[in-house]
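Trainee: Quick one: structure below, then a few questions.
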Amino acid sequence: MFNIVLVCPRIAQNTGSIGRMCFNAGFTLHIIKPTIFSLGDKAVRRAGLDYWAKLRPVIWENLDEFLSANLAHKERFFLASTKGREPYFKARFQKGDFLFFGSESFGLPQHLMQMQGAQLITIPMKSYGRSLNLATSVGIIAYEALRQNFAEFKS
């Protein structure tokens, strides 16, 4: 239904938890390397429970490889960042959209956020907040996309 794209995730437990959510929601999980953990890591499997073995994430060697295969869809790229100005709940999500999330340490690469056609979105926070946990952020935005398209989800 939707594509969750993790760009260089750094915490195995977050990736496992996101994978678990993707499996249960029927979303495709794309993981763009490099990661600093093995995707077979015990922490990934523990957080993903038995869903991780069933998930079948799409693994990309780098961002360039992902973009060369998916650039035709860039108007349906939603880039989640604390640097965005448009609240995620104002975005109009459609089946097949790509929801991007950066690494826990560095966020999304600057050149990706400046891509023509892609939409930069954010989760509103108080000014004293720096960021939310990656798995929490993915859940917030992914389930808003699902809410907007719930009739298609049920079928």
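The values are calculated or read from the model by the stated rules, or taken from the named source; none is laboratory data. Since we're looking at a predicted model, the values are computed, not measured. So basically every Cβ, Gly included, is an ideal-geometry build from the backbone, and we count neighbours across all protein chains shown. For the accessible areas, the whole protein counts, side chains as well, though only heavy atoms, and no ligand, DNA or RNA atoms are used. Shrake-Rupley method; radii C 1.70, N 1.55, O 1.52, S 1.80 Å.
Trainee: Output yes when any residue across region 131-138 is open to solvent by less than 20 Å² (accessible area, probe 1.4 Å) and over 13 Å from the mean Cα position of the chain (by Cα), and no when none is.
Mentor: No: region 131-138 contains no residue that is open to solvent by less than 20 Å² (accessible area, probe 1.4 Å) and over 13 Å from the mean Cα position of the chain (by Cα).
Trainee: With the condition kept exactly as written, say whether any residue in region 37-53 is among the small types (Gly, Ala, Ser) and buried (at least 16 other Cβ atoms within 10 Å of the Cβ).
Mentor: Our first condition is that a residue be among the small types (Gly, Ala, Ser); within region 37-53, this holds for 38, 40, 43, 47-48, 53.
In the following step, the residues that additionally are buried (at least 16 other Cβ atoms within 10 Å of the Cβ) were identified as 47-48.
There is at least one residue in region 37-53 that is among the small types (Gly, Ala, Ser) and buried (at least 16 other Cβ atoms within 10 Å of the Cβ).
Trainee: Also, quick follow-up: Is it the case, given these coordinates, that Gly107 is open to solvent by less than 50 Å² (accessible area, probe 1.4 Å) and at positive phi?
Mentor: Spelling it out, Gly107 is indeed open to solvent by less than 50 Å² (accessible area, probe 1.4 Å) and at positive phi.
Trainee: Please enumerate the residues belonging to region 55-66 that are assigned to a helix (DSSP H, G or I) and surrounded by fewer than 16 Cβ atoms within 10 Å (Cβ to Cβ).
Mentor: Asp64, Glu65 - these are the residues of region 55-66 that are assigned to a helix (DSSP H, G or I) and surrounded by fewer than 16 Cβ atoms within 10 Å (Cβ to Cβ).
Trainee: Which pairs have Cβ atoms under 6 Å, sit 6 or more apart or on different chains, and link a residue in region 1-28 that is under 18 Å from Phe93 (Cα atoms) to one that is modelled with pLDDT of 95 or more and hydroxyl-bearing (Ser, Thr, Tyr)?
Mentor: Here the result reads Asn3/Thr28, each pair linking region 1-28 to a residue that is modelled with pLDDT of 95 or more and hydroxyl-bearing (Ser, Thr, Tyr).
Trainee: Among the residues of region 97-108, is there at least one that is in a loop (DSSP other than H, G, I, E, B), without any contact (Cβ under 8 Å) to a residue 24 or more places away in the chain and among the hydroxyl-bearing types (Ser, Thr, Tyr)?
Mentor: The first filter runs over region 97-108 and keeps only residues in a loop (DSSP other than H, G, I, E, B), leaving 97, 102, 104-106, 108.
With without any contact (Cβ under 8 Å) to a residue 24 or more places away in the chain added as a condition, the list becomes none.
Within region 97-108, none of the residues are in a loop (DSSP other than H, G, I, E, B), without any contact (Cβ under 8 Å) to a residue 24 or more places away in the chain and among the hydroxyl-bearing types (Ser, Thr, Tyr).
Trainee: If you take the residues in region 3-28 that are among the small types (Gly, Ala, Ser) and open to solvent by 40 Å² or more (accessible area, probe 1.4 Å), which one is farthest from the chain's Cα centre (by Cα)?
Mentor: That would be Gly26.
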